[in-house]
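Visitor: Can you read through this structure? Questions will come right after.
None of the figures in this text is laboratory data; all of them are computed from the coordinates on show. Predicted, not measured: the structure shown is a model, and the values here were computed from it. A quick note on method: Cβ atoms are made from the backbone with ideal geometry, for glycine too, and the neighbour counts reach across all protein chains shown.
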Amino acid sequence: MINRERTFITFQVGLALAALLVGTLLGPFQALEHSKIDLYPLLKPLISNYYQGLTIHGVLNALVFTTLFIMGFHTFCTINGLNRRLKWFGLAATGLGFMVLGFILAGTTMFLNQATVLYTFYPPMKATPWFYIGLTSLIVGSWMIGWSQLATLAEWKKENPGVKTPLITMGCMVNTILWQLATLGIGIQMLVLVIPWALNLTPATDALLNRVLFWFTGHPLVYFWLLPAYVSWYSLLPRQVEGKLFSDPLARLSFWGFLIFSTPVGFHHQFADPGVPVVWKYIHALLTFLVVIPSFMTAFTVIASLERAGRKKGGTGLFGWISRLNWKNPSVSAQLLSGLIFFFGGIGGIINASGSLNLVIHNTTWVPGHFHLTVATATTLTFMGITFWLVPHLSRKNLKLPKIALASTWTWFIGMIFFSLGMHWLGLLGAPRRVPFSTASYDHPSWHLPQALTGIGGAILLVAATLYFISIFATILSKEKAAAPIEIPIAEAEIEPSHTPAWLDYWKPWIILAIILVIIGYGPILIQMFGNINAVSPGFKVW
Amino acid sequence: MEVNPYEKVWMGITITAIILMLIATVMAGFGLGVQLPGASQTVDPKKLSSEPPFNQPGVYEVAPGKYQVIMIAYTWAFNPNEVRIPAGSEVTFKITSRDVTHGMLLEGTNLNIMIIPGQISEITRRFDQPGTYLFVCHEYCGVGHQAMAGKVIVEP
């Protein structure tokens, strides 16, 4: 890899891990608070209360860490899959500049307690304009990096007619397109509604329309987090367990499925909202269920790849193959445990998407319990697994303290089981989310056991995060260079790309289909809402 | 395209499951009457104290056994924060927010609704079992969020 690209990717991954470090270390404060152990006084004067800590935790982990890491990973998979330099590098570097600016602005305003609005920042609660400008800058920067990646792909395709796009590049670039399409919602929200209002150029805003535009982006965001993990599970993990990807064409089909179905689904976050006609809620529920198809295809293909690898290495019986996978490799262990956790996350997601069941759990602690299985484990633990070879590859050093790294994956897994079990259970008992229970005006004896589980989980997760960063810092700070270049574990496929039908590498029809579904799923209702805009809310600083 | 026979079976199971889930969702909505909130009336939060119905929050009996609750959510309380009704009543809540977005969740039920400034949330539930039920604000609304709660008291 060329030094210019290596530096560029190292910056993105490094900044992402910095955001993860700060964001993750705040997590246990939230979890312990849920078991009524309030350690926030220890953080004064840096952080003044639970809500400020929760805002920093959510924004840094869910928005900054994920977006920066994914941009770095996409860049890596683009140039290594296509084996060429990044086109329009100046644009990509400018994009990174915007992302860094966004990170600094959002980070500073949150630490100054000028933006305690949580990562959903629902207007009309109003932060300093610099917070919104920071988040917008982060997204605009990611668009620019994405354009540079897509230009690289377009040039490669022109020079290689009839050659299938390598799967790692294809998966990442589908995700880049998904991101460009999905962030139209938050882009319009920020530029048209929020920033002019935060700068007092418009006196009032429409709270409901803000929510609709936020969730336009908010749910596909979930797939934006997941698809890079799927790229790793499809294209890298099989090689790491000494096997092959089961089927190249099915992997590609599932990526296209995610592109077309994942954007027009946001109203399933607004089942309980007044002002959104019921018919739109059901249309989005249907489209959400359709995302089950590529998800279940992924489950099949990934598990089939793993099973065949395990059997090739002598695993027998129904489950004997599982023990033959390279569990001692922390990168493998991280990804296998992520996949296992994701099974429960996926089932919970189907429950959330069902209108009637959603009314039982909406805005209870069940919801953060759910997304700590998905984004905070399926995605984050997989990304941690990727860093166990990517950080060595970028720094040209072997992974230090691999046993500590391995222990971090298991403690993360166990900690998240406790945490998430507690949160789901507490939610079913009717405990609202985003509440510091130690100072709440209400309590319930039946909540105490799940609250304790949540706190225990948080404590174990603190150990996990500490172990992870010990191993990563030991690697970065080590002075020993690796003897040989660290391999990028790219798997071959049993059903090879040459057997993949050409239509699975035609990009335009799928993209057009995705755009049409977004227009159907959001066009009429957004025209109606913008036409009857109900801008009646001035801003409120409520912290 | 080459597709493994097991995969075909798996896809069949997946599609069947989706169809069943859809049927269940539609049945819950139209058969069992689990209604989601839908299109709503709009309201100007600055005029709540001067215009009906929100200028007089409270619990009103509108017909025998039928009650209407006119409620305002604001930082950080509900008005009224106590709803007292006899068992067997059908209660329609009409709620709006005076300031930021709030929510309402009544324990042990599926009474779960967002309260968004500018919109009127309307939800009807029947209360048969006597007892005291806690309701809480379930959307972050500022530093007093954890204090925002009330009670529905169903009298025998």
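Visitor: Using a 10 Å cut-off around each Cβ of peptide B:99-111, what is the average number of partner chain Cβ atoms that fall inside?
Guide: On the way: counts 7, 12, 11, 0, 6, 3, 11, 1, 6, 3, 3, 8, 2.
The per-residue average across the peptide is 6.
Visitor: If I stretch the segment between A:ILE490 and A:ARG311 completely, what's the gain in nm (0.36 nm per residue apart, minus their alpha carbon distance), one decimal? Let's see the in-between values first.
Guide: Values: separation 179, 0.36 × 179 = 64.44 nm, distance 2.02 nm.
Separation in residues times 0.36 nm, less the Cα-Cα distance, equals 62.4 nm.
Visitor: Kindly express, to the nearest 10 degrees and within the range 0 to 90, the angle between helix B:5-26's C-alpha long axis and the longest C-alpha principal axis of chain B.
Guide: With rounding to tens, the tilt is 30 degrees.
Visitor: Please work out the Cα center distance from region A:1-42 to region B:2-52, rounded to the nearest Å.
Guide: 36
Visitor: Next question, about the same structure. Largest first and in whole Å, give the semi-axes of region A:212-338's equivalent ellipsoid, each being the square root of 5 times a Cα gyration tensor eigenvalue.
Guide: Result for region A:212-338: semi-axes of 36, 13, 12 Å.
Visitor: Hey, another quick one. Per residue Cα convex hull volume for region A:14-145, in cubic angstrom? Working shown, then result.
Guide: Working: hull volume 13.8 nm³, N = 132.
Normalising the Cα hull of region A:14-145 by residue number yields 104 Å³.
Visitor: A follow-up question, please. Can you tell me the convex hull volume per residue for region A:252-323, based on C-alpha atoms, in Å³ to the nearest whole number?
Guide: Details: hull volume 7.3 nm³, N = 72.
Residue-normalised Cα hull volume stands at 102 Å³.
Visitor: Determine the principal axes of the Cα atoms in region A:187-283, then give the extent along each, sorted from largest to smallest and rounded to whole angstroms.
Guide: For region A:187-283, the Cα spread along each principal axis is 61, 33, 18 Å.
Visitor: Same structure again: Give me log10 I(q)/I(0) at q = 0.07, 0.12 Å⁻¹ for the protein assembly as shown, Debye formula, one equal scatterer per alpha-carbon, no solvent.
Guide: The calculated log intensity ratios at q = 0.07, 0.12 Å⁻¹ are -0.46, -1.39.
Visitor: Mark the label point 7 Å from the Cα of A:LEU101 along Cα→Cβ and return the residues of region A:114-151 whose backbone N is within less than 14 Å of it.
Guide: Answer for this model: A:130-145.
Visitor: When only DSSP loop residues count, what trypsin sites (Lys or Arg not before Pro) in region A:273-343 have their Cβ near at most 16 other Cβ atoms within 10 Å? Write down the numbers at each step before the final one.
Guide: Details: sites: A:LYS281, A:ARG308, A:ARG311, A:LYS312, A:LYS313, A:ARG324, A:LYS328; in loops: A:LYS313, A:LYS328.
Those that pass, being in a loop and sparsely packed, are A:LYS313, A:LYS328.
Visitor: Further, regarding this structure: With a 10 Å Cβ neighbour count serving as the proxy for reagent exposure, in which order, fewest first, do B:ILE85, A:ILE476 appear? Working shown, then result.
Guide: Values: B:ILE85 19, A:ILE476 16.
Result, fewest neighbours first: A:ILE476, B:ILE85.
Visitor: Could you tell me the center-to-center distance, by alpha carbons, between region A:247-299 and region A:81-153 in angstrom?
Guide: Each part reduced to its Cα centre gives a spacing of 26 Å.
Visitor: Another question about this same structure. Ranked from highest to lowest mean number of other Cβ atoms within 10 Å per residue, what is the order of the peptides B:132-144, A:518-530, A:391-403? Present the calculation step by step, with values, prior to reporting the outcome.
Guide: Numbers: B:132-144: 22.2, A:518-530: 15.3, A:391-403: 18.4.
With the highest mean Cβ count within 10 Å placed first, the list reads B:132-144, A:391-403, A:518-530.
Visitor: Cβ neighbours within 10 Å, averaged per peptide: list A:479-492, A:260-273, A:81-94 in order, most packed at the top.
Guide: Details: A:479-492: 12.7, A:260-273: 25.7, A:81-94: 17.3.
Descending mean neighbour count gives A:260-273, A:81-94, A:479-492.
Visitor: In terms of modelled amide H atoms, which long-range or inter-chain residues lie less than 5 Å from the amide H of B:GLN68?
Guide: B:TYR60, B:GLU61, B:VAL62, B:THR92
Visitor: With springs only between Cα atoms under 10 Å apart, run a GNM on chain B and tell me which of B:ALA17, B:ALA87, B:ALA73 wobbles the most.
Guide: B:ALA17
Visitor: Of A:VAL435, B:VAL3, how do they rank once you tally other Cβ atoms within 10 Å and put the fewest first? Can you show the working numbers first?
Guide: On the way: A:VAL435 25, B:VAL3 13.
With the sparsest Cβ surroundings first, the list reads B:VAL3, A:VAL435.
Visitor: Still on this model: Set the Förster radius R0 to 45 Å, insert the Cβ-Cβ distance between A:LEU184 and B:GLN35 as r into 1/(1 + (r/R0)^6), and round the FRET efficiency to 0.05. Display every interim value, and only then the final one.
Guide: Numbers: r = 31 Å, r/R0 = 0.69.
It comes out at approximately 0.90.
Visitor: Quick check: convex hull over the Cα atoms of chain B, volume per residue in Å³, rounded to an integer? Intermediate results must be reported in sequence, preceding the final value.
Guide: Values: hull volume 27.5 nm³, N = 156.
Enclosed volume per residue, from the Cα hull, is 176 Å³.
Visitor: Can you give me the relative contact order of chain B as a percent, contacts being Cα pairs under 8 Å and 6 or more apart?
Guide: Values: 303 pairs, mean separation 32.5, N = 156.
This gives 21 percent for chain B.
Visitor: Which residues does a label at A:LYS403 reach in region A:480-498, if reach means a backbone N under 19 Å from a point 7 Å past the Cα toward the Cβ?
Guide: In region A:480-498, the label zone of A:LYS403 (backbone N under 19 Å from the point 7 Å along Cα→Cβ) covers no residue.
Visitor: Only helices at least 27 Å long along their own axis, judged from Cα atoms, and with Kyte-Doolittle mean hydropathy of 1.0 or greater: name those in chain A from DSSP H. Spell out each step's value before the answer.
Guide: Details: long enough: A:3-34 (46 Å, 0.64); A:89-111 (33 Å, 1.75); A:129-159 (45 Å, 0.37); A:292-312 (30 Å, 0.60); A:330-353 (33 Å, 1.36); A:402-428 (39 Å, 1.07); A:448-477 (43 Å, 1.68); A:507-531 (34 Å, 1.73).
TM-like helix candidates: A:89-111, A:330-353, A:402-428, A:448-477, A:507-531.
Visitor: Let me ask another. Using Cβ contacts closer than 10 Å as the measure, can you line up B:VAL9, B:VAL100 from fewest to most? Walk me through the numbers on the way to the answer.
Guide: Numbers: B:VAL9 11, B:VAL100 30.
Least to most surrounded, the residues fall as B:VAL9, B:VAL100.
Visitor: Spin-label point model (7 Å from Cα, Cβ direction): what's the A:ILE470 to B:ASN55 distance in nm?
Guide: Roughly 6.8 nm, to one decimal.
Visitor: In the protein assembly as shown, what cysteines have no partner Cβ closer than 4.7 Å?
Guide: So far as the 4.7 Å Cβ criterion goes, B:CYS137, B:CYS141 stand without a partner in the protein assembly as shown.
Visitor: Let me check against my output: what whole-number percent is the relative contact order of chain A, with C-alpha pairs under 8 Å and at least 6 apart?
Guide: Working: 888 pairs, mean separation 105.0, N = 543.
Over chain A, the number comes to 19 percent.
Visitor: For Cα pairs less than 8 Å apart in space and 6+ apart in sequence, what is the mean separation divided by the residue count of region A:200-339, i.e. the relative contact order in percent? Before the final figure, lay out each step's value.
Guide: Values: 137 pairs, mean separation 38.6, N = 140.
Averaging sequence separation for qualifying contacts and normalising by length gives 28 percent for region A:200-339.
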